[in-house]
Every structure is written in C-alpha cells, then in structure tokens.
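Since the structure comes first, as structure tokens, the remarks are kept for the end.
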Amino acid sequence: MRPPALDWSVDNCTIARAMAILGERWTLVVMREVFTGVRRFEDMRVRTGVPRQVLTNRLAMLVETGILRREPYQEPGARVRHEYRPTPMGLELYPMLVAVGEWGDRYLADPEGPPLRLVHRDCDAQVHAELHCAAGHHLTDNRDVVSQPGPGARRR
C-alpha cells in the first residue's frame, strides 16, 4: 500500500527548515549552555570544547536567525563583550532540548546515570517532555499521532 504522504510535496517542510538551522552538531550544545546559564563566549568555548571559529559561526547564525540575542557587558578595565541570551523564539526550543535530553538519558547515559537533571524550581520534581493535543488529551503512545496535510501543503 502506498503511503498517502507521497501525494504531498516536502519542498516547504518546516521540519527540514528547522533542521537547516538546528541540525549542525554544535547548535544544540550551544543552546544547552545558554539554557543552563552559560552565556559568555569564552565560558562556552572552554566548557564545551567547541573550536573557536565554529562557536563564532554558530552564535552568529543563532543571532541572525533570531534564536539568540547579544547583550553587551563589560568587566572593569576590559573591553565590551557580549553575552548570548535566548529570544522568545529561542525559549520555545526548550521543550525540544528537554526531549532530546530525555532520549539521551534513556539510551546513551553512562552506567551511573545522566550527568544533568532538569527539575521544577518550585518542587524539585524531574521535568520531562510530553505530547498533548489542542483538546487537552495526554498522548502516551506516539502511534496515536497521525500526520495530515496542513494549510501550506502542496500536492506533488
């Protein structure tokens, strides 16, 4: 049986467009750093081991696409430098990073367990990503989700 998805073009696929921005190895590592409070270039470089030019390029791309914003700061006696902070667009990536982290914790963690726990600030309970439909139903089985052509779909 031929999948119905083959009837529709993927030329304007928003997943492909998102991955053009987020799919490079270091991009989500940079976002992890920003979300954990590491926002200065040199701190990111030292902590992650990202090559200087790669980090420069990645931060520039994230600023250019509107995911991060540069905010100036100056240490006493030093030149002005910049911190990188998430924009509202960037903050919306957080659930995706939580989901990627959960997947990594489940399948790729060292025998002692994952190196990072994400917890709710108010109660210290572990945070996890979940799927809900717009009607409020909690989806526990990914097979309960089906794809349908959206308003921007184009026939092949």
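The values are calculated or read from the model by the stated rules, or taken from the named source; none is laboratory data. The structure displayed is predicted, hence computed values, not measured ones. Neighbour counts are summed over all protein chains in view; Cβ atoms, including those assigned to glycine, are modelled from backbone coordinates with ideal geometry.
Looking only at segment 45-90, residues that are among the hydrophobic types (A, V, I, L, M, F, W, C), touching a helix residue (DSSP H, G or I) at 6+ places or on another chain (Cβ under 9 Å) and more than 13 Å from Val29 (Cα to Cα) come to 3 in all.
Out of the residues in segment 100-135 meeting the condition of being farther than 22 Å from Val29 by Cα and among the hydrophobic types (A, V, I, L, M, F, W, C), tell me which one is surrounded by the most Cβ atoms within 10 Å (Cβ to Cβ). Top of the filtered list is Leu131.
Looking at Leu91, Leu139, Leu116, Leu131, which one is touching a Cys at 6+ places or on another chain (Cβ under 9 Å) and of a type outside the set (Val, Ile, Thr)? After ruling out the rest, the residue left standing is Leu139. Against the criterion of being within 16 Å of Arg32 (Cα to Cα) and without any contact (Cβ under 8 Å) to a residue 12 or more places away in the chain, Asp105 qualifies. Pairs are defined by a Cβ separation below 8 Å, a sequence spacing of at least 6 or placement on different chains, a first member in segment 132-155 that is closer than 13 Å to Ser9 by Cα and aliphatic (A, V, I, L, M), and a second member that is modelled with pLDDT under 95 and part of a strand (DSSP E or B); the pairs so defined are Ala153/Trp8. Of all residues in segment 74-95, which are surrounded by 12 or more Cβ atoms within 10 Å (Cβ to Cβ) and either in contact (Cβ under 8 Å) with a residue 12 or more places away in the chain or over 24 Å from Ala129 (Cβ atoms) (or both)? Scanning segment 74-95 gives Arg81, His82, Glu83, Tyr84, Arg85, Pro86, Thr87, Met89, Gly90, Leu93, Tyr94, Pro95. When Glu83 is tested against (1) at pLDDT 95 or above; (2) farther than 17 Å from Leu62 by Cβ; (3) outside any helix (DSSP H, G or I); (4) not basic (Lys, Arg), exactly one condition is not met: (2).
Every residue, every condition in (1) over 17 Å from Tyr94 (Cα atoms); (2) in contact with a Gly (Cβ under 8 Å, 6 or more places away or on another chain); (3) assigned to a loop (DSSP other than H, G, I, E, B), yes or no:
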| position | (1), (2), (3) |
| --- | --- |
| Asp11 | yes, no, yes |
| Met19 | no, no, no |
| Trp26 | no, no, no |
| Val30 | no, no, no |
| Met44 | yes, no, no |
| Arg47 | yes, no, no |
